[in-house]
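Asker: Below are the structure tokens for one structure; questions will follow.
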Amino acid sequence: MSSELNPWLLEGIFALFDVVGIIYIINSKKILYGGKSMRRKKKIGLISLLILVCIFTLSACSKNKLSDEFDQGKVEEAAKSIVDMVNKGDAEGIQELSNEQMKQAMTEDVLSQVFDAVKQFGEYKEITKIDLTGVEDKSSGQSIAVAVVKAKYAEKDVIYTISFDTDMKLVGLYLK
């Protein structure tokens, strides 16, 4: 068994923590504003349910291997190139590497917002890790390469999720 965690699994765990945080905030507000808090048994039941969901998620997820249609080195280089373009504010370069759907979605206004957000992370330092995985687009049946890139900035670490089709065109870009 691999010691690395599936990037999709990490996203699921982060989402679960978000849900737990929201439930906690709701319960805290009930207490602060004079509402009745949940009984102890209900809290224990909720926590047990969340633990079961975590266990199910961990056991059900497995790392999807990168399709043989992709060259691992090329995917890594393309992902690094996208991160560099984001850091340099190169909207034209990103548009050039994108498929038609991404070109329509990633307008100059949208990219400008992305570039502004990245500037708030401070000075770009380096890429510290790249994990590759493969998925299949359910609507088209096409293989997609997904690079999860951890980049270090002066203020924080950022995780880029960058997706490519078999023509090595950018089909997804997400920052967290």
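The values are calculated or read from the model by the stated rules, or taken from the named source; none is laboratory data. Note that the structure is a prediction, hence the values are computed from the model and not measured. Cβ sites come from the backbone with ideal geometry, for glycine too, and all protein chains shown count toward neighbours.
Asker: Hey, any hits in the range 107-130 for a residue that's within 24 Å of Thr166 (Cβ to Cβ) and acidic (Asp, Glu)?
Answerer: Checked the range 107-130: no residue is within 24 Å of Thr166 (Cβ to Cβ) and acidic (Asp, Glu).
Asker: Being loosely packed, with under 15 Cβ neighbours inside 10 Å, without any contact (Cβ under 8 Å) to a residue 40 or more places away in the chain and assigned by TED's automatic domain parsing to the domain that holds Val146 is the requirement here; does Gln113 meet it?
Answerer: Working: loosely packed, with under 15 Cβ neighbours inside 10 Å: yes; without any contact (Cβ under 8 Å) to a residue 40 or more places away in the chain: yes; assigned by TED's automatic domain parsing to the domain that holds Val146: yes.
Taking the combined requirement at face value, the residue satisfies it.
Asker: Scanning the range 132-176 for residues that are of a type in the set (S, T, N, Q) and buried (at least 16 other Cβ atoms within 10 Å of the Cβ), which turns out farthest from Ala79 (Cα to Cα)?
Answerer: First, the residues of the range 132-176 that are of a type in the set (S, T, N, Q): 133, 139-140, 142-143, 161, 163, 166.
Remaining after also requiring buried (at least 16 other Cβ atoms within 10 Å of the Cβ): 133, 143, 161, 163.
Values: Thr133: 13, Ser143: 16, Thr161: 9, Ser163: 8 Å.
Among those that are of a type in the set (S, T, N, Q) and buried (at least 16 other Cβ atoms within 10 Å of the Cβ), it is Ser143.
Asker: If the Cβ limit is 6 Å and pairs must be 6+ apart or interchain, which residue in the range 88-100 that is in contact (Cβ under 8 Å) with a residue 40 or more places away in the chain and surrounded by 13 or more Cβ atoms within 10 Å (Cβ to Cβ) pairs with which residue that is part of a helix (DSSP H, G or I) and not basic (Lys, Arg)?
Answerer: What qualifies is Ile94/Met85.
Asker: Okay, moving on. Take the residues in the range 87-113 that are part of a loop (DSSP other than H, G, I, E, B) and more than 20 Å from the chain's Cα centre (by Cα); name whichever of them is modelled with the lowest pLDDT. Talk me through it step by step, then tell me what you get.
Answerer: Keep residues of the range 87-113 that are part of a loop (DSSP other than H, G, I, E, B), which gives 89-90, 99, 106-107.
Filter once more, so that each one left must be more than 20 Å from the chain's Cα centre (by Cα): 89-90, 107.
Working: Gly89: 95, Asp90: 95, Thr107: 88.
Filtering the range 87-113 for residues that are part of a loop (DSSP other than H, G, I, E, B) and more than 20 Å from the chain's Cα centre (by Cα), the one modelled with the lowest pLDDT comes out as Thr107.
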